[in-house]
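Quick notes on the structure that follows.
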Amino acid sequence: MAKVVVVTSGKGGVGKTTSTAALGAALAQRNEKTVVVDFDVGLRNLDLVMGAERRVVYDLVNVIQGDAKLPQALIRDKRLDTLFLLPASQTRDKDSLTPEGVERVMAELRKHFDWIICDSPAGIERGATLAMRHADLAVIVTNPEVSSVRDSDRIIGLLDAKTERAERGERVEKHLLLTRYDAVRAERGDMLKVDDVLEILSIPLIGIVPESMDVLKASNLGAPVTLADSRSAPALAYLDAARRLAGETVPMTIPGEKRGFLGKIFGRRAA
Amino acid sequence: MTKVLTDARSIRIKGRSFLALVLSPELPLDWWLGRLDDLASRSAGFFLGRPVVLDVADLEIDRKQLKSLLEELGQRNVRVMGIEGGRPSLFEPGMPPAMKGGRPAPDFEVPEANPAESPKAGKGKAAAPVITEEVQPVRATASIIVREPVRSGQSVIFPEGDVTVVGSVASGAEIVAGGSVHIYGTLRGRALAGSVGNASARIFCRRLEAELLAIDGVYKTAEDMAPNLRGQSVQLWLEGDSIMAERLN
């Protein structure tokens, strides 16, 4: 049974694309057939983070407009057989996405994949609403910071109103992924604490990804964080988050707390 | 040029409901006006001082006919305050404004001609009873309960009565109630109580972090609130033109 996941946030720059790639790779590593779909038409980035930018021929807009067949546009990952990318077009804008076209592509992807991870653009306009439209699950990427939290709250409201599931009277399962978390700064009060964010958003937590240089390094290498170095702190957080997304129960750890080794690193960097 | 406002107080804008008489003319208009005259002859002053709305939704007329209908009504001292259900092409400058969003209310009792008195109606015109009883405002007893958190960007608008939220109201969300507002959670957004002119409405919340509070058009922003109320269980009410607050428990 295919599951459509939308990775969304409202606010830009919080780590949607990084999280899409990392979760997609983590799910594919579980030997489940996974496709990551870039909905950020005009500002595509997922191809770079996945390291597939030089292999893009056709894209989502080509498939929607009937210029290419879906298998022609799908790019198989070189590292993982079970991981695919459906890139966005860089030369068009979000108006090229039509509700009917997106519905058709989603229905076809559902036939072939176990997981369909949609990377939503920032904002609450056409691109974002179409990315969330067919979702069964939503991963809401939030930074521990007030403007990000408020934008996430707005997106949660839209998920309850503007998705196909909501219109059928069902619910989209929502999960909070807290990214760029720094335990030391949260403790000092420079950042919101995990509990504060959970209290405001009141949705279940799926993972806490620490602020880390490994994320930037992985992006520049063109590899999902979970593939670049599967032992790094953010990779471990994403791997755990993917297991929770798949329905496993994994105890939650707050990075930088109760982990002596990491604590030292973060402590030094923040000082 | 920059205008300098010397008075920091902003204008107080209120909503208010009135019960209007709705007339729905039928074709042919001459025949309908005849029946209207008959009603007026039985109770002079029936339309006096009453707001009247003309419902033309089911009426097949053009702009010229509407204009003459308005004139005919004017001659009978029926002052039309608005026209409901009319196509935009029906209107021209000088006509009463188009209205929409009306809610049905109980029918007005049209005075029945007493069979015994009706023969005398012609000469006893002045003696015919003028309807003076006030239409009792409907007491706001209605209420709604919202069982989920109200998210940023969402509005709960309920002019008919109280709003109860079992959950939090996020920053950037708003609750607008004709009656009181009850929040069993943290109020981070806006709460507007007594929005249709109810000075006895109150706001209750389990934890006050609000951006804006208003009762009957009087408002207070987060900046004006006493800092010792932040994060507390609070109730707010109106005394004169100022919002009073006290901690619960």
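Derivation of every value follows stated rules applied to the coordinates shown; laboratory data play no part. These numbers come from a predicted model, not from an experiment. Using ideal geometry, Cβ is built from the backbone for each residue, glycine included, and neighbour counts are taken over all protein chains shown.
Shielding value for A:194-207 is 2, the average number of Cβ atoms from other chains within 10 Å of each residue's Cβ. Put simply, when B:70-83, B:24-37, A:2-15 are sorted by average Cβ atoms within 10 angstrom per residue, most first, you get A:2-15, B:70-83, B:24-37. Mean residue ellipticity at 222 nm, helices only, the protein assembly as shown: -8000 deg cm²/dmol; runs of at least 4 DSSP H residues each add -39,500 (n - 2.57), and the sum is divided by the number of residues. For B:LYS220, the aspartates and glutamates whose Cα falls under 19 Å of its own Cα, not counting residues fewer than eight places away in the same chain, are B:ASP7, B:GLU174, B:GLU209, B:GLU211, B:GLU239, B:ASP241, B:GLU246. Calculated translational diffusion coefficient of the stretch B:21-99 (20 °C, 1.002 mPa s; Stokes-Einstein with Kirkwood radius over alpha-carbon pairs) equals 168 µm²/s.
Distances between every pair of Cα atoms in the stretch B:131-247, grouped in 5 Å steps from 0 to the bin holding the largest one, split as 3, 13, 24, 25, 18, 8, 3, 2, 2, 1, 0 percent. Segment B:ARG147..B:ARG79, full-extension length gain: 20.0 nm, with 0.36 nm per residue of separation and the alpha-carbon distance subtracted. The modelled label-to-label distance for the pair A:ARG231/A:THR249, using points 7 Å beyond Cα in the direction of Cβ, is 3.1 nm. Among the listed pairs A:LYS94/A:LYS193; A:LYS11/A:LYS111; A:LYS78/A:LYS193; A:LYS11/A:LYS193; A:LYS3/A:LYS162; A:LYS94/A:LYS174, give every one whose C-alpha distance is greater than 29 Å. Going by Cα-Cα distance, A:LYS94/A:LYS193; A:LYS11/A:LYS111; A:LYS78/A:LYS193 fall outside the 29 Å limit. The equivalent ellipsoid of the stretch A:126-178 has semi-axes of 20, 11, 9 Å, largest first, where each one is the square root of 5 times an eigenvalue of the Cα gyration tensor. By the equivalent-ellipsoid construction on the alpha carbon gyration tensor, the stretch A:100-197 comes out with semi-axes of 30, 14, 12 Å, ordered largest to smallest.
For the stretch B:131-247, the Cβ-based charge dipole about the Cα centre amounts to some 580 debye (Lys, Arg positive; Asp, Glu negative; other atoms uncharged). Taking the average, over residues, of other Cβ atoms within 10 Å as the packing measure, peptides A:28-38, A:76-86 rank A:28-38, A:76-86 from highest down. Rounded to the nearest 0.05, the FRET efficiency derived from the C-beta distance between A:ASN31 and A:GLU108 at R0 = 30 Å is 0.85.
Once the Cβ-Cβ distance of B:SER89 and B:TRP31 is raised to the sixth power relative to R0 = 25 Å, the FRET efficiency obtained is 0.50. For chain A, the Kirkwood estimate of the hydrodynamic radius, built from every pair of different alpha carbons, is 18.5 Å.
Near A:ALA138, the amide H atoms lying under 5 Å from its own belong to A:VAL6, A:GLU173, A:LYS174, A:HIS175; only residues 5 or more places off or on other chains count, and H is placed 1.01 Å from N.
For the protein assembly as shown, the antiparallel share of DSSP beta bridges with both residues in that region comes to about 20%. Ordering B:142-154, A:141-153 by mean Cβ neighbour count within 10 Å, with the highest value first, yields A:141-153, B:142-154. Wrap a convex hull around the Cα atoms of the protein assembly as shown, take a quarter of its surface area, and give that in square nanometres. For the protein assembly as shown, averaging the hull's shadow over all directions gives 36.4 nm².
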